[in-house]
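Structure, as structure tokens:
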Amino acid sequence: QTLKILYVSTVKKYKHQWNLIDAFGLLRNEGISIELHLIGGGDPSALHWMREAIQRNHSYSEYIIYHGSYPYEETLEWYQKVDMFVFPSTCENMPVVLLEAMTFGLPIASSDRGPMPEVLKDAGLYFNPESVTSVKNCLRYMIENPNLRKRLGAKAKQYSQAYSWQKCADETFAFLRSVYEKNIT
């Protein structure tokens with residue numbers, strides 16, 4: 001059975017789609033049955049690098065599907081169609097896409113750059129996004145360990161609940177109430 005892997009992100013230099021594609025090609029070369037789905041628009045030079053990576057891995061290009069940009073609702077549907085999520089970005093403030101993948105209970109292989117480890121904690125496996133070998137080895141380990149994937153996905157889903165809008169609103173109003181009560185007395 002072919003394992004479907006998803007990366008949702010704009011295509012920009014610091015998002016490293018090409019390293020992911022090269023790692024994917026190496027894994028396919030080793031006989032690992034995987035399919036890569038990439039969703040997100042991007043800037044012309046980064047799109048060029050990504051297309052070059054797809055061309056470098058042309059023997060597997062039918063398994064590298066670049067979907068471009070999708071409306072938000074359609075993107076969310078993709079989280080339910082895949083087996084794993086990968087996030088090789090090196091620069092994020094608050095990685096909302098990572099939180100979305102966590103909410104859907106997907107096992108996640110992620111960049112080891114901050115703030116990803118602070119958000120995902122021990123609910124994912126980490127790699128150096130600037131090293132094709134590191135990305136490949138991390139993905140291979142995760143692919144070859146289905147029980148680990150199941151545990152990580154469940155833990156990611158559990159951790160994602162700490163970031164709910166309801167929790168944010170409740171904490172904000174509790175804080176405002178405490179400030180109000182301090183100033184009244």
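Just the residues that are small (Gly, Ala, Ser) and surrounded by fewer than 19 Cβ atoms within 10 Å (Cβ to Cβ), please, taken from the range 25-43. Passing the criteria: Gly31, Ser33, Gly41.
For the range 71-90, the criterion of being buried (at least 19 other Cβ atoms within 10 Å of the Cβ) and at pLDDT below 95 is met by at least one residue. Taking every residue in the range 69-89 that is more than 15 Å from Ala154 (Cα to Cα) and pairing it with any residue that is among the aromatic types (Phe, Trp, Tyr) and open to solvent by 70 Å² or more (accessible area, probe 1.4 Å), at least 6 positions away or on another chain, yields no pair with a Cβ-Cβ distance below 6 Å. Among the residues of the range 91-103, are any modelled with pLDDT of 95 or more and open to solvent by 40 Å² or more (accessible area, probe 1.4 Å)? Among the residues of the range 91-103, not one is modelled with pLDDT of 95 or more and open to solvent by 40 Å² or more (accessible area, probe 1.4 Å), which makes the answer no.
Across the range 44-67, the number of residues qualifying as farther than 13 Å from Lys12 by Cα and either surrounded by fewer than 15 Cβ atoms within 10 Å (Cβ to Cβ) or of a type outside the set (Val, Ile, Thr) (or both) comes to 14.
The values are calculated or read from the model by the stated rules, or taken from the named source; none is laboratory data. Nothing here was measured: the structure is a model prediction, and the numbers come from that model. Here Cβ is always computed from backbone atoms with ideal geometry, including for glycine, and neighbour counts include all displayed protein chains. Accessible surface areas use protein heavy atoms only, side chains included; no ligands, DNA or RNA. Shrake-Rupley method; radii C 1.70, N 1.55, O 1.52, S 1.80 Å.
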